[in-house]
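Remarks on the structure that follows.
The values are calculated or read from the model by the stated rules, or taken from the named source; none is laboratory data. Note that this is a predicted model, so its numbers are computed, not measured. When we count neighbours, we look across all protein chains shown, and the Cβ atoms used for this are built from the backbone with ideal geometry, even at glycine. Just the protein is used for accessible areas: all its heavy atoms, side chains included, with ligands, DNA and RNA removed. Shrake-Rupley method; radii C 1.70, N 1.55, O 1.52, S 1.80 Å.
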Amino acid sequence: MTFNLMRYLPLSILPMLLGCGTPAEEKPAAVLMTRAQALMTGTPASTGVLAFLNSRSTTVAVLDNEVPLNALTAQSLVAYRNGPDGIESTADDRHFVSIAQVDAVPQVGPAALEALEAYVRGTGRVEMPLDEQVGIFHGIAFNLAEARRVLAAANTAPLNVLQGTVGLSAAQAQAIIDARRIDHLVELSRLPFMDGAGLQALKNHVALAPEGDPCTGPNTCQAGLSCTGLAFGGPIAYGRCRNTAYVPGDGDSCSVLRPCAAGLTCSGPQSGAEDGLCRPSWMAGTFTNHADLSLPSSTTTPWVSTVGVVGLATVPEDITVELDLVHAQPSKLVLTLEDPGGETALLWDGPNEGVPPARIPVTRGIPRDGTINGKWLLRISNPTGQGSGTLRSWSVKLTSRWD
């Protein structure tokens, strides 16, 4: 089970709490701050924006009326894509490959980039975890899990349920019926008569989360599920709905050559042990930050990037860090990992151990009876100040157990 959790707090506080921590003056030019995140080349949101702009179905009319951008901005983006001859699908056509390239197009600025990001998120063009914000529509915020449940209700609930049970007005309910199939939240939010009260009513109607979806405490999951892995003690205040009933084979011994039964994962061998124990599959996860963190030549305070972990059991077993790091002098770097409880582990001591590998099992420092759900910090320092580079992304891969 994999959760690419770049940020998982809702709304606009997310980037401030789980951001990379790079000083503003050190951010590369390609880092363009928008409402929901740093829209950086290589992140899921930027990939969605670039794919949208490169699609031939993204016409001036779509950009002008659907996103919406102003007419001049829409025309400039399509004109750039069509190349100097101004004709689509000819040899001089151009392809957007970076957000900086988009930003350099005449008439494009922060407002246009923000609108593009909001549109690709709201229309489902961004790969994101269930916890991540899709957008704010008529003042109502939706993460991906909420958006999916609301769209399912909008597409399946009978007219009498939309009015009587959900509480929509007759005009709102009929507009939904007439519009089916509704493919995304942008479309739903723009239906005739739809407003914040209507969207909130739909959101309330599907408030109880199914298995695996985010939850915020008791009585927020569907029947038979528990809100597990709440990460209190900091800015994070939710977990995931889990079926915590016993799974046959839980606790059996396992190894690489003796895998667990279906629904279970082998915990232990990922840290190098010969044998491990079978745990329910939901007790394992990979959590990723598409950091794009600039690492300039400096001997000052370490650079810090954060990954949020939710929905696991209470304490860690396997801890593995995976790095996508590009640096001129990687053997000069010192990497440290900190768990949500403040326990630290020296991941890699470059001056004494050489170039850090892409995958580092954590076998020292962090105890296996500490906190697992919450903010995990990766600190990178360069004691000699030699070389510069970029932390493009990093992941913490975890298995857990009950304390």
Do we find that A237 is under 19 Å from the mean Cα position of the chain (by Cα) and not charged (D, E, K, R) in this structure? yes
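Of all residues in the range 358-383, how many are surrounded by fewer than 14 Cβ atoms within 10 Å (Cβ to Cβ) and of a type outside the set (K, R)? First the steps, then the outcome.
Just the residues of the range 358-383 that are surrounded by fewer than 14 Cβ atoms within 10 Å (Cβ to Cβ), to begin with: 358-359, 363-364, 367, 369, 383.
Right, trim to of a type outside the set (K, R) and you get 358, 363, 367, 369, 383.
Qualifying residue count for the region: 5.
Look at S89 and say whether it is modelled with pLDDT of 95 or more, exposed (fewer than 12 other Cβ atoms within 10 Å of the Cβ) and not basic (K, R). Before the answer, list the steps.
Details: modelled with pLDDT of 95 or more: no; exposed (fewer than 12 other Cβ atoms within 10 Å of the Cβ): yes; not basic (K, R): yes.
When the stated conditions are applied, S89 does not pass them.
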Report yes if T228 is open to solvent by less than 20 Å² (accessible area, probe 1.4 Å), among the β-branched types (V, I, T) and either farther than 30 Å from V126 by Cα or touching a Leu at 6+ places or on another chain (Cβ under 7 Å) (or both), otherwise no. no
R94 is checked against (1) within 24 Å of L72 (Cβ to Cβ); (2) surrounded by 15 or more Cβ atoms within 10 Å (Cβ to Cβ) and fails just one. What number does that condition carry? (2)
Qualifying residues in the range 138-176 (those that are among the polar types (S, T, N, Q) and free of Cβ contacts under 8 Å to residues at least 60 places away in the same chain) - the one surrounded by the most Cβ atoms within 10 Å (Cβ to Cβ): Q172
Heads up, the helices (runs of 4 or more DSSP H) in the range 65-162 (entirely inside) with at least 3 residues that are more than 19 Å from T43 (Cα to Cα) and of a type outside the set (A, V, I, L, M, F, W, C) are 71-82, 144-156
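Sort out for me the strands (runs of 3 or more DSSP E) sitting completely within the range 271-338 that have 1 or more residues that are over 28 Å from S98 (Cβ atoms) and open to solvent by 30 Å² or more (accessible area, probe 1.4 Å). Steps first, answer last, please.
On the way: elements: 276-280, 284-289, 293-295, 303-309, 315-327, 334-338.
Where strands (runs of 3 or more DSSP E) fall fully within the range 271-338 and carry at least 1 residues being over 28 Å from S98 (Cβ atoms) and open to solvent by 30 Å² or more (accessible area, probe 1.4 Å), they are 276-280, 315-327, 334-338.
Would you check if I182 is at pLDDT 95 or above, β-branched (V, I, T) and farther than 25 Å from C221 by Cα? First the steps, then the outcome.
Working: at pLDDT 95 or above: yes; β-branched (V, I, T): yes; farther than 25 Å from C221 by Cα: yes.
Answer is yes for this residue.
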Restricting the search to the range 352-371, which residues are under 25 Å from T390 (Cβ atoms), touching a strand residue (DSSP E or B) at 6+ places or on another chain (Cβ under 7 Å) and of a type outside the set (K, R)? P356, A358, I360, P361, V362
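Could you check the range 165-183 and list, in sequence order, the residues that are part of a helix (DSSP H, G or I) and under 15 Å from K203 (Cα atoms)? Step through it out loud before you land on a result.
The first filter runs over the range 165-183 and keeps only residues part of a helix (DSSP H, G or I), leaving 165, 170-179.
T165, Q172, A173, I176, listed by residue number.
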Quick one: what pairs do we get from the range 239-257, first residue free of Cβ contacts under 8 Å to residues at least 24 places away in the same chain and among the aliphatic types (A, V, I, L, M), second assigned to a loop (DSSP other than H, G, I, E, B) and open to solvent by 40 Å² or more (accessible area, probe 1.4 Å), C-beta under 9 Å, 6+ apart or different chains? A245/G224; V256/E274
